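Each value in this text was obtained by applying a stated rule to the coordinates, not by laboratory testing. Computed from a predicted structure; not experimentally measured. Reconstructed Cβ throughout: ideal geometry from the backbone, glycine too, with neighbour counts over all protein chains shown.
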Amino acid sequence: MAKSNKPIIWGTFAAGGELVSLVAPVLIVLTLLAALGHVPDMLGYDKLHAYASHWFGKLVIFVVLFLSLWSQAHRLRITFFDFGFRADTLVATAVYVIAGLGSIAAAVYLFRF
């Protein structure tokens with residue numbers, strides 16, 4: 001039986017899709033609350049900045065970005081296929097390279113010294 005990289009791709013797709021579906025509504029509600037001027041004290045700038053500056057906060061932000069990028073890259077690949085663009089190797093290479101570059105850029109930005 002030939003080895004395949006499909007479990008890796010499907011794993012990141014599933015994890016990223018699940019994470020985005022759980023986190024996106026919360027971010028939308030918090031953004032709306034902030035736009036209306038109702039920011040809870042726990043979500044003030046100073047506290048969020050302290051969280052995002054800590055190594056664990058950076059790791060959490062990176063994982064969310066990484067899984068989101070790879071999930072949406074796979075979703076975009078499937079969308080291209082569904083719209084009749086059959087050059088799957090070209091599309092897969094393009095979307096996964098973009099997701100990889102985005103992941104590297106996020107890591108460099110978050111973990112710079």
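Summary of values
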| read-out | value |
| --- | --- |
| Cβ pairs under 8 Å, 6+ apart, first in segment 2-24 and closer than 13 Å to Val63 by Cα, second polar (S, T, N, Q) and loosely packed, with under 12 Cβ neighbours inside 10 Å | none |
| Test for Val95: is it surrounded by 12 or more Cβ atoms within 10 Å (Cβ to Cβ), of a type in the set (A, V, I, L, M) and assigned to a helix (DSSP H, G or I) | yes |
| Output for segment 89-110, where each listed residue is in contact with a helix residue (DSSP H, G or I) (Cβ under 6 Å, 6 or more places away or on another chain) and not small (Gly, Ala, Ser) | Val91, Val95, Tyr96, Leu110 |
| Of all residues making up segment 29-55, the number that are under 23 Å from Leu110 (Cβ atoms), surrounded by 10 or more Cβ atoms within 10 Å (Cβ to Cβ) and either in contact with a Cys (Cβ under 9 Å, 6 or more places away or on another chain) or of a type in the set (A, V, I, L, M, F, W, C) (or both) | 6 |
